[in-house]
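What follows is one structure encoded as C-alpha cells, with my remarks underneath.
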Amino acid sequence: MESLLTNPRYHDVLAIAKGFRNGAVYGARIRFPHALVMTFLFGTGSIEDKFRRIFKATYQHSRNLAVFVTTYKTLMVLQRRIKGKEDGFDSFFAGLIGGYFVFGEDNNINQQINMYLLSRVSIGLAKMAANKGYLVAPKHSFQIFAAVVWGIVMWQFRHERDVLQGSLQASMQFLYNDSEVFSNLGNWLWRNR
C-alpha cells in the first residue's frame, strides 16, 4: 500500500481523495460544536428535532467542504495537465467554479461560510493594498474597521433587520431586545423571558 501512496504516478488522484477526506473531517469539526451549542442555546423543539438539525447542518457543512476541496483540486490538476504548468489565475478560476457550484445555493450554512470568507478576504485585500503601497493604512485602522462594522450592523438590526442573516438576528434579539423585557427578579436575572 505504501508503494502505491508514494508512487508519483498516483499522487494527484490520491491528493484529491485526501482533500475530500480532509474537507469532510474539517467541516464536521467546525460545524458540529457550533450547531450543538447554537441549537441548545437558541433552538426550540424536541431533543430529537434538535439533534436532527445538528446532524443535518454538520452533514451539509462537511459535504460542501469535501465537494469544494475535491472540485478545486481536480480543476487545479486539470489546468496544470492541460497547460503543463500552473498559472497565476488557475486557483482563482478553480475557486470561482467550485464556489459557484458548491457554495452558490442560498441557505444558512452557505451564507455563514461565505460571510466568514468575505470578512477574511476583505481584510486580506486591504492588507495587500497596504503592502503594495496602493493604500496607506491609517493609524488605528483596526479600530476604525471595528467601529464601521459595528455601526453598520447595529443600524441594520435597528432599521433593516430582515436583511441580516437569521442566526445573527436571533443573537442580536437575545442581546439587545430581550434584555428590555423583565418584570421580576426571576426573568431579570435567571430566565430571559
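The values are calculated or read from the model by the stated rules, or taken from the named source; none is laboratory data. Quick caveat: nothing in here was measured; it's all calculated off a predicted structure. Here the Cβ is made from the backbone with ideal geometry for all residues, glycine too, and neighbour counts use every protein chain on show. Protein only, heavy atoms only, side chains kept; ligands, DNA and RNA dropped before computing areas. Shrake-Rupley method; radii C 1.70, N 1.55, O 1.52, S 1.80 Å.
Brief remarks on what is shown
- On inspection, residue 73 passes the criterion of being closer than 29 Å to residue 31 by Cα, modelled with pLDDT of 95 or more, of a type in the set (Lys, Arg) and open to solvent by less than 90 Å² (accessible area, probe 1.4 Å).
- Considering (1) charged (D, E, K, R); (2) open to solvent by 50 Å² or more (accessible area, probe 1.4 Å); (3) part of a helix (DSSP H, G or I), the lone condition that residue 50 does not fulfil carries the number (2).
- Counted residues, segment 82-109 - those being part of a helix (DSSP H, G or I) and modelled with pLDDT of 95 or more: 16
- Residue in segment 35-42 that is over 17 Å from residue 110 (Cα atoms), open to solvent by 70 Å² or more (accessible area, probe 1.4 Å), not acidic (Asp, Glu) and not in a helix (DSSP H, G or I) present: no
- Given (1) exposed (fewer than 11 other Cβ atoms within 10 Å of the Cβ); (2) in a loop (DSSP other than H, G, I, E, B), number of the condition residue 137 does not satisfy: (1)
- Being open to solvent by 90 Å² or more (accessible area, probe 1.4 Å) and under 29 Å from residue 53 (Cβ atoms) is a description that applies to residue 162.
- Yes/no for residue 130 being small (Gly, Ala, Ser), in a helix (DSSP H, G or I), open to solvent by less than 100 Å² (accessible area, probe 1.4 Å) and within 23 Å of residue 38 (Cβ to Cβ): no
- Tabulated pairs, segment 54-71, first in contact (Cβ under 8 Å) with a residue 60 or more places away in the chain, second open to solvent by less than 50 Å² (accessible area, probe 1.4 Å), C-beta under 8 angstrom, 6+ apart or interchain: none
- In segment 165-193, the residues that are surrounded by 12 or more Cβ atoms within 10 Å (Cβ to Cβ) and either in contact (Cβ under 8 Å) with a residue 40 or more places away in the chain or within 30 Å of residue 115 (Cβ to Cβ) (or both): 165, 167, 168, 169, 170, 171, 172, 173, 174, 176, 177, 178
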